[in-house]
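Data first, discussion second: the structure below is written as C-alpha cells.
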Amino acid sequence: MKKCLFLLAAGLIAFIQGCSGESAKRLSFESLQGLREQECSKDFTGNCPPRESYDDYQRKRKEALDSENDNKDALPAPAGQ
C-alpha cells in the first residue's frame with residue numbers, strides 16, 4: 001500500500017511540475033531506488049547495496065552503450081556481404 005502511495009505521489013509531483021523528459025526519468029529512477037532501498041531494509045540483513053545516483057547511472061549506461069557500439073564495429077561483416 002505504501003509503495004502505491006509513494007509511486008502515486010511521485011507521479012503526481014511530476015505531472016504538476018510539468019517536468020521535462022529528463023526530469024521524469026530522474027524522478028522515476030529515484031523512486032525506484034527508494035523502493036529498492038525500502039525492500040532491502042525489510043530483510044534486516046544490513047547487506048543493502050549503496051544507493052546509486054542518477055548521474056552515475058547515466059554515466060555507466062553511456063559507457064556500456066559506447067563499448068557495445070565499439071564492439072559491433074569491430075565484428076567482421078557476415079558472409080555473403
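The values are calculated or read from the model by the stated rules, or taken from the named source; none is laboratory data. All figures in this text were calculated on a predicted structure; none of them were measured in a lab. Every residue, glycine among them, receives a Cβ derived from its backbone with ideal geometry; neighbour counts consider all protein chains shown.
Structure values in brief
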read-out	value
Hits in region 50-70 - residues which are outside any helix (DSSP H, G or I) and touching a residue at least 12 places away in the same chain (Cβ under 8 Å)	R51, E52
Positions within region 33-59 being at pLDDT 85 or above, farther than 18 Å from K3 by Cα and small (G, A, S), in sequence order	S53
Restricting region 23-57 to residues that are among the hydroxyl-bearing types (S, T, Y) and over 10 Å from the mean Cα position of the chain (by Cα), the residue that is nearest to L8 (Cα to Cα)	S23
